[in-house]
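Report on the structure given below.
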Amino acid sequence: MAVEIKDMSLDNVAVGRVEVRVYQGAEYAKGPPVLIYFQGGAFHHTGLTPCPMAECLAGQGAIVVVPDYNVQGSVFPKPLEVGFSIFSYMAKKRAGFGDRKSLLIIGGEEAGGNLATAVALKARDHFANELDGQVLASPLLDPFMGSSSSRNAACIGMRERWAEGWSHYMSGGMCHPYAAPSLCSRLAGMAPALVLSSEDDPLLDETMSYAGRLEAAGVKVQKHILSAGSGWPSVYGGKTEETPNWQEKVGGQFAEFVRDISIH
């Protein structure tokens, strides 16, 4: 499906104006899922830049809204305040996207996946019935970077970047579960999750560990690990020699996830 891309402002969000880039399938059906999607960037990302994941998921019929979530600062809790304000606004009004039958989903990759997880946690705590699902693409969750797979981060040029990013994000002196979701001990009641990674992803272990903990807490989880060589680390800026070919499989997983949460 062809995807239309446009930039616009959300002017009535509680934190003030937020610039967003909207990816929309040209022939989306009635009641399309609305996905608020946070890009990666090792906690430093600002501005609106091309987002391959957003374009991929919009190609499945979703309306994907990608905000400049660090507009008020990139140290916790500022990004969460922006992200949750956008979610709250969309939960009440959909901000003109989709209609009242549209599912509302939160998602993100790498540091954006961290923020998506935090928004989903806070949504569970404050808007229990408003969030329909979460899409976590290699979320950056563990500030200690202690997993076995994370040892391969240097191979794709990300280890120092992630270490610096974590230090920056946590420099406000807060180690809150919303900031480091791997430390959260209460996961029951979370929205259903689609969790994505790849065999050659340094974030594989922490991603799948979190997915397992969600399942143990009674959360419905759909997991998919792509084969090595799909170019998956390029989604969040990792170096890869392969031409990315993950789009078809990820798009299919997302379409299946949307069908499943629509039924339930």
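Each reported figure results from applying straightforward, stated rules to the coordinates on display, with no laboratory input. Keep in mind that this is a model prediction, so the values were computed, not measured. Note that each Cβ is placed from the backbone with ideal geometry, even for glycine, and that neighbours are counted across all protein chains shown.
General remarks:
- Per-pair calculated FRET efficiency, R0 = 41 Å: Glu81 and Ala154 via Cβ, rounded to 0.05: 0.80
- Put a plus charge on the Cβ of each Lys and Arg, a minus charge on the Cβ of each Asp and Glu, and nothing anywhere else: the dipole of the chain about its Cα centre is then about 780 debye.
- Simple label model, 7 Å out from Cα along Cβ direction - Ser234 to Arg100, nm: 4.4
- Calculated from backbone phi, Karplus (6.51, -1.76, 1.60) coupling profile of region 161-170 in Hz, x at Gly/Pro: 4, 5, 4, 5, x, 4, 4, 5, 5, 8
- Per-residue ellipticity at 222 nm, computed for the chain from helices alone with -39500 (n - 2.57) per DSSP H run of at least four residues, works out to -9500 deg cm²/dmol.
- Gain in span if fully extended, Asn245 to Ser227, counting 0.36 nm per residue against the direct Cα distance: 5.4 nm
- Residue of Asp125, Asp200, Asp68 that the Gaussian network model of the chain assigns the largest fluctuation, springs spanning Cα pairs under 10 Å: Asp125
- Listed residues Lys92, Lys239, Lys249, most fluctuating in the chain (Gaussian network, C-alpha, under 10 Å): Lys92
- Percent RCO, i.e. relative contact order, over region 3-263, from Cα pairs under 8 Å lying at least 6 residues apart: 18
- Of all lysines in the structure, those lying under 16 Å Cα to Cα from Lys249, and not within fewer than 8 positions of it along the same chain, are Lys223.
- Local net charge near Ala116, Cβ-Cβ under 12 Å (Lys/Arg +1, Asp/Glu -1): -1
- Over the Cα atoms of the chain, the radius of gyration divided by the Kirkwood radius equals 0.93; this is the Rg/Rh ratio.
- In a DSSP loop and with at most 11 other Cβ atoms within 10 Å, the chymotrypsin sites (Phe, Trp or Tyr not before Pro) in region 124-226 are Phe144.
- Restricting region 1-97 to GluC sites (Glu not before Pro) that sit in a DSSP loop and have at most 11 other Cβ atoms within 10 Å of their own Cβ leaves Glu27.
- Point-to-point label distance, Arg259-Ala163, nm (Cα→Cβ direction, 7 Å offset): 4.5
- His176-Thr46 FRET efficiency (beta carbon distance; Förster radius 25 Å; 0.05 resolution): 0.65
- Note on the chain: GNM, Cα springs under 10 Å; of Ala91, Ala62, Ala193, the largest mean-square fluctuation is that of Ala91.
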